[in-house]
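Take a look at the structure set out below.
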Amino acid sequence: MSVDLSSLEPYLPELLSGRPLAVLTGAGVSVESGLPTFRGPGGLWEGHRPEELATQDAFTKDPVKVWRWYEWRRSLVRDARPNDAHLALARIERLLPRSTVVTQNVDGLHRAAGQHNLVELHGSLHRTRCTQDGAVRPAPPGPFPQIPPRCPTCTALLRPDVVWFGERLPEKDWRAAETAVSDCAVLLVVGTSSVVAPASTLALVAARSGARLFEINPEATPVAPLAEGVFRTTASEALRAIADALSGRAARS
Ligand code: NAD
């Protein structure tokens, strides 16, 4: 299926001439790698909503239950590979060195695809944080030998190094995200329902700063009314088409 890029085409020359591109991604970008979104089918775990598990309260009450959920998510991510959407974004970065991907995903697939200018706003499933001293360490590639895992130095509980509902985003990452969307000429909003704040406010920040917004999502979201163009298709279809259009133009110029 070919994607009609006519709404975006007028902005490609300025991107190729060095104006910055920002891309905000959500769980939809990893669907084609076999990872469920939170709100779509398969987003529930043993009847629980993520909002009941991804909180400090849930962890305090039942760390074993929360860790079992994260172990399930880590097992899905272990088997997942970057899909054409992640790979197209890495290709776009090579064509547009001033592009930045801001992701809400914690699966590490953008990095695995070779993305360098990357802000992982909600942390990573591939790291743990000690609940006592805050030390951040890589998680083992396989399952933890014991659940809940404990800090190898002080034996306190470890938690996943991710941002839970109700927690503040790390200041440095939030500032990097705000800078990327305020400075960009074009923001692509890809595979996010745009309902989880504060990440959902980044589109507004971009629009207020004069960026052109484009939404890539099979479903309409609250971002659509702000967008100059919408691509109602999958992340891989649309991003492959954009990467192809950019490399075609780059080769001709
Ligand atoms: P969400 O579940 O709220 O929304 C996913 C969006 O993706 C929906 O709008 C859906 O229409 C769209 N979508 C589905 N298939 C798509 C496809 N093939 N191409 C493009 N779009 C597609 O997810 P969200 O907006 O990222 O929001 C919330 C939270 O979910 C984030 O905090 C994130 O950390 C977390 N999350 C992350 C992962 C992951 O790391 N892979 C997985 C599930 C949830």
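The values are calculated or read from the model by the stated rules, or taken from the named source; none is laboratory data. Here the structure is a predicted model, which means the values were calculated and not measured. When we count neighbours, we look across all protein chains shown, and the Cβ atoms used for this are built from the backbone with ideal geometry, even at glycine. The protein model used for the area step is the full one, side chains on, heavy atoms only, and it has no ligands, DNA or RNA in it. Shrake-Rupley method; radii C 1.70, N 1.55, O 1.52, S 1.80 Å.
Quick notes on this structure:
- Qualifying residue in the stretch 68-84 (condition: more than 24 Å from GLU167 (Cβ to Cβ) and open to solvent by less than 20 Å² (accessible area, probe 1.4 Å)): yes
- You will find that of GLY40, GLY26, the residue that is open to solvent by less than 20 Å² (accessible area, probe 1.4 Å) and near the ligand (Cβ under 9 Å from one of its atoms) is GLY26 and no other.
- Residue within the stretch 146-155 that is part of a strand (DSSP E or B) and touching a residue at least 24 places away in the same chain (Cβ under 8 Å) present: no
- Restricting attention to the stretch 173-205 and to residues that are among the polar types (S, T, N, Q) and not in a loop (DSSP other than H, G, I, E, B), the residue that is nearest to the ligand (Cβ to nearest atom) turns out to be SER200.
- Picking from residues in the stretch 98-144 that are of a type in the set (D, E, K, R) and open to solvent by 30 Å² or more (accessible area, probe 1.4 Å), the one that is farthest from LEU15 (Cα to Cα) is ASP133.
- Cβ-Cβ under 6 Å pairs, at least 6 apart or on other chains, the stretch 210-235 side under 15 Å from SER2 (Cα atoms), far side at pLDDT 95 or above and basic (Lys, Arg): PRO218/ARG232
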